[in-house]
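One structure is given below, encoded as structure tokens.
The values are calculated or read from the model by the stated rules, or taken from the named source; none is laboratory data. All of these numbers come straight from a predicted model, not from anything done at the bench. Positions of Cβ are backbone-derived with ideal geometry, glycine not excepted, and every protein chain shown enters the neighbour counts. Surface areas here come from the heavy atoms of the whole protein model, side chains and all, with no ligands, DNA or RNA. Shrake-Rupley method; radii C 1.70, N 1.55, O 1.52, S 1.80 Å.
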Amino acid sequence: MRHAACCNLLFCLLLLAGCAGFNRYPTEGSLVLNDLASPVKVIRDEKGMAYIHAETLDDAMRALGYIAAQDRLFQMTLTRLFAQGRISELVGDMAKGIDIRHRTLGFHRQAAILAENLAPEDQRLLENYIAGINAYIQTGADSFPLEFKLAGITPEPWTTADSLSILYYMSWDSSANLKSEIIAQMLIERLGAAKAEEIFPLNINPDDERHPSEADLSPPATAVTISNDAMLMGFLHGGAKEMGSNNWVTDAAQSAGGKPIVSNDPHLETGILPGTWYPAGIITPDLRIVGVHIPGLPVMPIFRNQHVAVGITNAYGDVQDLYIETVDPANPNHYLEGGNAIPFTIIDETLKIRDKNEKSGFREEPVEIRYTRRGPVVSHVLKGLETDKVMSLRWAPYEPMKNRLGVAEFMRAQSTDDIRRCLTGFDVIMLNFVFGDTAGNIGWHVSGRLPVRLNGDGALPTPVTDGADNWVGVVPFDEMPHAYNPDKGWLGTCNHNTVTRDFPYYYSTFLSPSYRYRRLKQLMEEPRKKTADDHWNFQRDTVNLMAERLVPFMVETLADADETKALAEILRKWDRRDDTDAAGATIFHVVYERFAWHTFVDELGEDLTKTMLGTWYFWQERFQQMVITDRLDHWFNDITTADKTETKQDILIRAAREAKADLAATLGSNPAKWLWGKVHQHTFVSPIRRDGFGKGWLGAGTWPAPGSGEVLYRGIYDYNAPYDVKISASLRMTADLADPDKVLAVLPGGIAGRLFHPHAKDQIPAFMEGEKVYWWFSDREIAKHTQSVLMLTP
């Protein structure tokens, strides 16, 4: 105990001694930035946000790289280490599995290929941005963030491939269909194809007048037994997450100011300070723009300039396929395509793993990565697995594609037509872009490359039986989901199913339930013109339309049992808003999740039930249909009780009794005091201390959190570890093109990614409580809010 106390004291002294000096980087005065063509002025406002005034976009990008590195160099370094599969250099063996996975997926290898072939203007702008990063690394050692010293690492120079590897990493993290594919296969192996299909995802497009039936929405189950559940669960661990987002745009007629308004809140993991996005302004003689980019990757997908505003959400198109390969029994270095034996392509890499037992502080371990013609053998990332079958992964962003990102074209766009032209070359990631221009036009278009499959729909792993290619092309850009200037006067997406039944291609089986979009429709269809403030409030809307459908059944059922009458009465009075002061929200979510558990666990077993229910998008809309219709009532019978046939009412009451006992044990015996904010909470931590001593001190504490996974105010938690918020809005932005001065925007953190910096977490109170925060746009407002001026000279 005494030794631990001494260590803690030393830790505190180190932080106190360091924090005074490590945040003193220049934000005023003048300094030299090599290779600028002309001086650049950097103004910072009350939030610490930089507005870069330059004569050319090249100079502005160089300055942006320098300023971003000042504020976020440690964050950039961590992101690069993750993308390259090098995080075990920082934390040791606990990250070795992540590194092997990311080396196998090959983000950095693919980025190096793209870097060699990038279009000249994109190449030049990225090189300027990277030159700015490297200028700070070369000259700013006396002001590097304290986190580098605490982590025991030093920053390394950047390359174009480093930046592009982050793009592939972000694209992978948004490509979650692989989860659905694996879970579907696991269900088939457990239940058989016919019964598994009954609980396959139900993806509904509320805008499609011809609503598909449940049967229409079940993917064909061409099952092949490939493994046991443990193998498949290995793929799921640490994979892409159910990230989401909301975005929408209203046209001139629907907007109080007479010009389009764009709103966007991209949903990502938000508990790690300072937050995902880095906002900045760039002003040149022909460009004025404020927006955000991922530090280290100077692509600004969410922004407003003089003419247009743009927001994004995850489009969840299925761009991943798993293939069941067979190793040649006569030669394990080959795989079979029918009767042909083809050698694996072998790539040898070496992990550098932090190890205190080694004199150098590190040890090295070799990694062998195998490729088939379809892509990397991803089953090889599972240590100790012995099988004569392997699984390879094909991923559309790795297919031959255009070499143009259109960074400058995007920033300079003057119309919705310009945005559309820019998106024709943006192949690396599938996103829903919504946008509007000052002429009053609005649009929505999906970016990326959606494969056209000859056989099957990608919903299940595909056995390789010969050398035929079942990807016969990609969906043409003009045929991707899109809409322009609709009669209704608005467009929006909430990661839901946006394609109609007449869409001629397979799109996806992994999409958000329709609840958020249905609520957005209700708000947009209110018969009045809406202001930016209205849209700002819509982003914090907590109405739960899933609860609207399920609570009447819950109330009716629970009111019939003496033990649960009190819960029924609270649910009856609840306004269906997931607010922090709502006991009804707590009772609904806890009972609902127990209800789903007891519905499936007898047939699926605990492990598979945890896996399926832990993937919210897979089951929620289907489960609602099971509850409110009679078509699949046999699922509610508990097959472990042979002498009784349970009804859905029996299972719901069982779930409610358990929920009541657990909530009483943690929150007290009075259900009226089981407030949602007491269990549903958002904790903000430093990446340097996520747990243990100093977590609260270095972070920003724990806040009662409104919302849930089903409402516009997103607050997703892990089903298997409720109710701490894991995914929420990583930015809230509302850009009114009629407002010449400002954009509403707030971060769940701050501008600076440095311990103890005054702008590391200063936006959290506004983010949690709904206070308005702004990016400044006009010269007048930027000048009015200027806190410091730094001149960068050639």
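Short-range pairs are left out: with C-alpha atoms under 8 Å and at least six residues apart, the relative contact order of segment 257-405 is 16 percent.
Starting from a Cα-only point model with no solvent, please compute log10 I(q)/I(0) by Debye for segment 289-372 at q = 0.15, 0.17, 0.19 1/Å. Log10 of I(q)/I(0), two decimals: -0.84, -0.86, -0.91.
Taking the Cβ of ARG549 as the centre, find all other residues whose Cβ is under 11 Å away and add up their charges (Lys, Arg: +1; Asp, Glu: -1). Counting the neighbours of ARG549, the net charge comes to -1.
For the listed residue pairs LYS96/LYS678; LYS259/LYS488; LYS356/LYS610; LYS47/LYS530; LYS259/LYS772; LYS521/LYS772, the alpha carbons are over 26 angstrom apart in LYS96/LYS678; LYS356/LYS610; LYS47/LYS530. For LYS179, the aspartates and glutamates whose Cα comes closer than 14 Å to its Cα, not counting residues fewer than 8 places off in the same chain, are ASP229, GLU242, ASP318, ASP321. Between ALA256 and GLU46, the distance separating the two model label sites (each 7 Å from Cα on the Cα→Cβ line) works out to 2.1 nm. Judged by the ratio a/c of the largest to the smallest principal axis of the C-alpha gyration tensor, segment 575-645 counts as prolate, that ratio being 1.5 or greater while a/b is larger than b/c. Take every pair of alpha-carbon atoms less than 8 Å apart whose residues are at least six positions apart; their mean separation over the length of the chain yields a relative contact order of 19 percent. Shape class of segment 506-579 from the Cα gyration tensor (axes a ≥ b ≥ c, square roots of the eigenvalues): oblate, since a/c reaches 1.5 or more and a/b does not exceed b/c. The ellipsoid equivalent to the alpha-carbon distribution of segment 50-208 has semi-axes of 39, 22, 15 angstrom, derived from the gyration tensor eigenvalues as √(5λ) and listed largest first. Estimated at the nearest 10 Å², the accessible area of GLU525 is 110 Å² with a 1.4 Å probe. Altogether, the Stokes-Einstein calculation at 20 °C and 1.002 mPa s, with the Kirkwood radius of the chain over Cα pairs as Rh, returns a diffusion coefficient of 77 µm²/s. Averaging the sequence gap over all C-alpha pairs within less than 8 Å and six or more residues apart, then dividing by the number of residues, gives segment 480-526 a relative contact order of 40 percent. Shape of segment 659-779 from the C-alpha gyration tensor: oblate (a/c of 1.5 or more and a/b not above b/c, with a ≥ b ≥ c the square roots of its eigenvalues).
Between ASP417 and THR645, the contour length at 0.36 nm per residue exceeds the alpha carbon distance by 76.0 nm.
Placing a pseudo-label 7 Å from each Cα along the Cα-to-Cβ vector at ASP502 and GLN787 gives an inter-label distance of 5.5 nm. The calculated FRET efficiency for the pair LYS402 and ASP560, based on their C-beta separation and a Förster distance of 60 Å, comes to about 0.45. Here GLU28 and ASP662 are evaluated by their C-beta separation; at R0 = 45 Å the FRET efficiency comes out at 0.25. Based on alpha carbons, the Rg and Dmax found for segment 21-125 are 17.7, 48 Å. For segment 616-711, what log10 I(q)/I(0) values come out of the Debye formula at q = 0.17, 0.18, 0.19, 0.22 1/Å, with one point per alpha carbon and no solvent? Taken in order of the listed q values, log10 I(q)/I(0) reads -0.99, -1.03, -1.07, -1.15. Phi angles across segment 723-736 convert, under the Karplus curve 6.51 cos²θ - 1.76 cosθ + 1.60 with θ = phi - 60°, into 3J(HN,Hα) values of 10, 6, 5, 10, 10, 8, 5, 8, 5, 10, 9, 9, 10, 9 Hz, Gly and Pro given as x.
Entry note, the chain: the mean residue ellipticity at 222 nm calculated from DSSP H runs of n ≥ 4, each adding -39500 (n - 2.57), is -11000 deg cm²/dmol after division by the residues and rounding to the nearest 500. Please report the spacing between the Cα centers of segment 691-770 and segment 276-347 in Å, no decimals. Going from one Cα centre to the other spans 25 Å.
Below 11 angstrom from the Cβ of ARG754, what's the summed charge of the other residues (Lys, Arg +1; Asp, Glu -1)? Taking every other residue near ARG754 into account, the sum is +1. Peptides 38-44, 359-365, 263-269, 686-692 ranked from most to least packed give 263-269, 38-44, 686-692, 359-365, packing being the mean of other C-beta atoms within 10 angstrom over each peptide's residues. Using alpha carbons only, the radius of gyration of segment 387-458 set against its Kirkwood radius gives Rg/Rh = 1.14.
Placing dummy labels 7 Å off each Cα toward the beta-carbon, the span from ASP575 to PHE553 is 2.6 nm. Between GLU769 and GLU368, the FRET efficiency from the beta-carbon distance, with R0 = 41 Å, is close to 0.20. Going by Cα centres, segment 463-533 and segment 136-213 are how many Å apart? Result: 19 Å between the Cα centres. Residue pairs exceeding 27 angstrom between C-alpha atoms, taken from LYS726/LYS784; LYS673/LYS726; LYS761/LYS784: LYS726/LYS784.
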